[in-house]
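Okay, so here's the structure we're looking at.
The values are calculated or read from the model by the stated rules, or taken from the named source; none is laboratory data. Keep in mind the model is a prediction, meaning the values are calculated, not measured. For neighbour counting, all protein chains shown are included, and Cβ atoms are generated from backbone atoms with ideal geometry for every residue, glycine included. When the accessible area is computed, the model is the full protein with side chains, heavy atoms only, and any ligands, DNA or RNA have been set aside. Shrake-Rupley method; radii C 1.70, N 1.55, O 1.52, S 1.80 Å.
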Amino acid sequence: MIEIMRENISVEQALRRGRWQLKYLPMIATFGCITGSFFISNQTTTGGWVIPIGFISGFSIGWLVWSYFVMEWKIWAYENVRNIHELQRKAVDEKLIWESGSWFEKTEFKNYQQKLKLKQLEEKFLEKDIFKDDISVPRETIIFYSRITILVLLILFLGVSFLGTYLLVEKEYFGLILLIFGLFLSFNQIKKLKDKAPQIILNDKGIKLKNENLIPWSKIYNDRVFSQSNGKSSTNYLAFNDEKIVIDELSIKFNELENLLHVYRVRYENNNPN
C-alpha cells in the first residue's frame, strides 16, 4: 500500500524545483567548468589542451549533477503532487527527465532504498489525475489572433524589408534575400491582421478549430498544451488527437489555455456521467 502522502504541492511548484535541480544546477556546473578551463588556459603556459578537457569535463559533471538529483526530485515530487500523470508529462516536455524506458533513464543514480520507494510510488500512476471546475471560466471561450502580437511582428518584418531595400540601394545584393523574406512574412501578418474569425472555440461540448466542425470531448484524446524548443527559441502548441496548433500569436496564454482544457472536460464529464 502507498503511504499517506501530503499531496499539497502543485504541478507548477514541483516543476519549479525540478528546473532548479535538474536544469539550472547542471548548467551552472557545466559552464563553470568550461569557464574555469578558459581562465586556467589564460593564466598558465599549459597550452590550449586545457580548454577541450574543460568542455568534456564540464558536460560530464553537468550530467553527473543531473543524475544525482533526478531520483531525489522524482521521489519528492511523486509523493507531494496529486496529478502525477500531468507532472510526468510536463517534466518530460521540459526535458527535466526522460521518458520511461529511455536509455538515458538508466544513467540515474539510485540506491536500493530509492528504488523501493520509486516502485511504491509508481502505484499512483494507476489513478487518474483530478481536475476541478473553475467558476471564473465562462460557458464558452472564443480565441482570436492577438492584434498586439501580430502588429509587433508586422513592424519587425517591415523593418527587415526596409533593411533589405537599403542594402540593395547600397548595391549589397544580399539585401534582396532580406527584402523577399521580409515582404513574405509581412504579407502573412497582414492576412492574420485582417482575419477576424475565431481560431479556436472551447466549451463543455468540445473543441472547434477554424473552418472545422466541433470535435466532442468524447472523441478527444491526449489533449495538452506544451512548448517545443527550436534552438534558442521555443514554440507553444495546443495538441489533441492528430492536431497541433501554434498558439503564440493567439489571444490566450499558455497556462490559461491549459486550465480551459481541464475545466471544459470536467464540465463535460459532469454533464455526461458514465
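Considering every residue within the range 39-49, establish whether at least one is open to solvent by less than 20 Å² (accessible area, probe 1.4 Å) and not hydroxyl-bearing (Ser, Thr, Tyr). Full working, then the answer.
Initial filter on the range 39-49 (open to solvent by less than 20 Å² (accessible area, probe 1.4 Å)): none.
Within the range 39-49, not a single residue is open to solvent by less than 20 Å² (accessible area, probe 1.4 Å) and not hydroxyl-bearing (Ser, Thr, Tyr).
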Members of the range 125-142 found to be within 24 Å of the chain's Cα centre (by Cα) and farther than 23 Å from VAL81 by Cβ, listed by number
THR141, ILE142
Looking only at residues that are open to solvent by 30 Å² or more (accessible area, probe 1.4 Å) and assigned to a loop (DSSP other than H, G, I, E, B) in the range 132-166, which one is nearest to PHE187 (Cα to Cα)?
PHE144
Any chance you could count how many residues in the range 76-102 are of a type outside the set (Ser, Thr, Tyr), open to solvent by 30 Å² or more (accessible area, probe 1.4 Å) and part of a loop (DSSP other than H, G, I, E, B)?
6
Unmet criterion (only one of (1) open to solvent by 50 Å² or more (accessible area, probe 1.4 Å); (2) of a type outside the set (D, E, K, R); (3) touching a Leu at 6+ places or on another chain (Cβ under 8 Å)) for TYR112
(3)
Tell me, yes or no, whether the range 243-258 has at least one residue that is farther than 20 Å from HIS85 by Cβ, among the β-branched types (Val, Ile, Thr) and more than 28 Å from the chain's Cα centre (by Cα).
no
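Within 27 Å of VAL266 (Cβ to Cβ) and either at pLDDT 95 or above or hydroxyl-bearing (Ser, Thr, Tyr) (or both) - does that describe any residue in the range 120-128?
We begin by selecting, within the range 120-128, every residue within 27 Å of VAL266 (Cβ to Cβ); these are 121-128.
Pick out the ones that are also either at pLDDT 95 or above or hydroxyl-bearing (Ser, Thr, Tyr) (or both) and you get none.
Looking for residues that are within 27 Å of VAL266 (Cβ to Cβ) and either at pLDDT 95 or above or hydroxyl-bearing (Ser, Thr, Tyr) (or both), one finds none in the range 120-128, hence no.
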Is it the case that some residue within the range 225-246 is closer than 23 Å to GLU269 by Cα and free of Cβ contacts under 8 Å to residues at least 12 places away in the same chain?
yes
Within the range 63-75, track down each residue that is open to solvent by less than 20 Å² (accessible area, probe 1.4 Å) and either over 24 Å from SER227 (Cα atoms) or of a type in the set (A, V, I, L, M) (or both).
VAL70, MET71
Could you give me the residue pairs with C-beta distances under 9 Å whose first residue belongs to the range 8-20 and is within 10 Å of VAL81 (Cα to Cα) and part of a helix (DSSP H, G or I), whose second residue is at pLDDT 90 or above and of a type in the set (Asp, Glu) wherever it lies, and which are 6+ apart or on separate chains?
VAL11/GLU86
